[in-house]
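Worksheet: the structure to be examined is printed underneath.
The values are calculated or read from the model by the stated rules, or taken from the named source; none is laboratory data. Computed from a predicted structure; not experimentally measured. Glycine also receives a Cβ, built like all others from the backbone with ideal geometry; neighbour counts cover every protein chain displayed. Heavy atoms of the whole protein, side chains included, go into the accessibility calculation; ligands, DNA and RNA do not. Shrake-Rupley method; radii C 1.70, N 1.55, O 1.52, S 1.80 Å.
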Amino acid sequence: MERNKNDFWVGLFVLIGAVAILFLALQSANLLSLNFQSTYRLTAKFDNVGGLKPKAAVRSAGVVVGRVESITFDDKSFQALVTLAMQSQYRFPKDSSLKILTSGLLGEQYLGVEAGAEEKSLANGDKVTTTQSAVVLENLISQFLFSKAAEPAAAPAATASAAK
């Protein structure tokens with residue numbers, strides 16, 4: 001009888017530990033978000049969302065003020081349509097803008113909100129029209145290489161003769 005009782009408590013302890021590890025793994029991978037605060041929905045269109053994913057953070061001044069709810073493709077405008085779930089306690093002016101930013105050099109992407117100056121605030125269902133797409137590293141490198149290739153080859157010779 002005593003052995004069965006100990007087996008039950010050990011099994012219960014192992015089960016609680018496994019659930020705790022699963023919870024921490026899902027929480028750290030942003031696959032589980034327990035948010036009991038009320039939210040309002042915003043939409044925005046971007047030319048390129050890069051590696052932005054659903055459940056990514058929406059931040060303003062470094063503070064998480066919402067989450068990306070979904071990302072879909074609009075086949076009429078050929079843009080990505082991003083739906084945001086903003087926490088109701090944070091209100092932003094109607095002329096606010098959104099940028100896709102990266103935390104660190106190669107970190108995860110998130111949406112940054114820059115507040116505008118208008119008196120009226122964004123409400124549920126509003127569309128944010130001022131957006132800046134993700135910076136794609138490959139595009140930056142190709143622009144740099146093409147600008148270097150377009151420079152005239154005679155320029156170094158001209159500066160060398162001027163130095164004499």
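Seen from residue 55, the other residues with C-beta closer than 15 Å to its C-beta sum to a net charge of +2, counting Lys and Arg as +1 and Asp and Glu as -1. Packing here is the average count of other Cβ atoms within 10 Å per residue, and on that basis the peptides 127-138, 14-25, highest first, run 127-138, 14-25.
Fully extended, how many nm does the chain gain between residue 6 and residue 120 (0.36 nm per residue separation, minus their Cα-Cα distance)?
On the way: separation 114, 0.36 × 114 = 41.04 nm, distance 6.33 nm.
The residue 6-residue 120 span can extend by a further 34.7 nm.
Going by alpha carbons, how many degrees (0 to 90, nearest 10) lie between the helix axis of 2-28 and the longest principal axis of the chain? For helix 2-28, the angle is close to 20 degrees.
Once the 1.4 Å probe is applied to the protein heavy atoms, the chain comes out at 71 Å² accessible per residue.
On the stretch 48-97, 54 percent of the accessible area sits on carbon and sulfur atoms, based on a 1.4 Å probe.
Were the residues from residue 108 through residue 25 laid out at 0.36 nm apart, the gain over their Cα-Cα distance would be 28.2 nm.
Based on DSSP, what percent of beta bridges with both residues in the chain are antiparallel, to the nearest 5? Bridges in the chain are about 75 percent antiparallel. Each label was represented as a point 7 Å from its Cα along the Cα-to-Cβ direction; for residue 74 and residue 148 these points are 3.8 nm apart. Classify the chain from the C-alpha gyration tensor, please: rounded if a/c falls under 1.5, else prolate or oblate depending on whether a/b exceeds b/c. Judged from the Cα gyration tensor, the chain comes out oblate (a/c at least 1.5, b/c at or above a/b). What the Cβ-Cβ distance of residue 61 and residue 139 gives, at R0 = 35 Å and to the nearest 0.05, is a FRET efficiency of 0.80. Our compactness index for the stretch 27-104, the C-alpha radius of gyration over the empirical 2.2 N^0.38 Å, is 1.11. The angle separating the long axis of helix 137-150 from the principal Cα axis of greatest extent in the chain is about 10 degrees. Peptides 67-80, 85-98 ranked from most to least packed, by the mean per-residue count of other Cβ atoms within 10 Å: 85-98, 67-80.
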